[in-house]
Amino acid sequence: MRIKSGVFYWLAVASGAVGMLFGLGFEGNIQALGTVSDSDFITAMVLLLLALFFAQLGDHAAEREKQHIGLAVTEDREENARRGA
């Protein structure tokens with residue numbers, strides 16, 4: 001069973017939102033304390049890069065779905081032509 005493109009898009013939105021919220025959280029920490037920990041920065045960057053990765057996977061899945069639909073339509077047309085419909 002293959003994952004549909006909508007699932008990847010939702011994963012991209014969710015990880016992007018969490019990454020942005022995490023980034024905003026440590027941005028406030030920078031203003032208050034003047035420093036940011038490496039782990040906070042790395043976590044936010046990984047979440048944002050993961051969002052980009054999921055968006056690309058969603059695009060590839062959408063293309064795969066279009067090809068699958070196109071093949072199904074072509075097969076239906078060939079079947080109808082054989083039947084004489």
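Summary of values
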read-out	value
Filter result for Ile3 (modelled with pLDDT under 85 and under 13 Å from the mean Cα position of the chain (by Cα))	yes
Given (1) at pLDDT 85 or above; (2) surrounded by 10 or more Cβ atoms within 10 Å (Cβ to Cβ), index of the condition Ile30 fails	(1)
Residue satisfying condition, being at pLDDT 90 or above, part of a helix (DSSP H, G or I) and touching a helix residue (DSSP H, G or I) at 6+ places or on another chain (Cβ under 7 Å), within set Ala51, Ala17	Ala51
Selection status of Asp40, modelled with pLDDT under 90 and assigned to a helix (DSSP H, G or I)	yes
Selected residue (criterion: surrounded by the fewest Cβ atoms within 10 Å (Cβ to Cβ)) from residues of the stretch 6-23 that are under 8 Å from the mean Cα position of the chain (by Cα) and of a type in the set (Phe, Trp, Tyr)	Trp10
The stretch 22-34 residues that are of a type in the set (Gly, Ala, Ser), paired with ones that are assigned to a helix (DSSP H, G or I) and surrounded by 10 or more Cβ atoms within 10 Å (Cβ to Cβ) (beta carbon under 9 Å, 6 or more apart)	Gly23/Asp40; Gly23/Phe41; Gly23/Ala44; Gly23/Met45; Gly23/Leu47; Gly23/Leu48; Gly25/Asp40; Gly25/Ala44
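The values are calculated or read from the model by the stated rules, or taken from the named source; none is laboratory data. Worth saying up front: this structure is predicted, and the values here are computed from it rather than measured. When we count neighbours, we look across all protein chains shown, and the Cβ atoms used for this are built from the backbone with ideal geometry, even at glycine.
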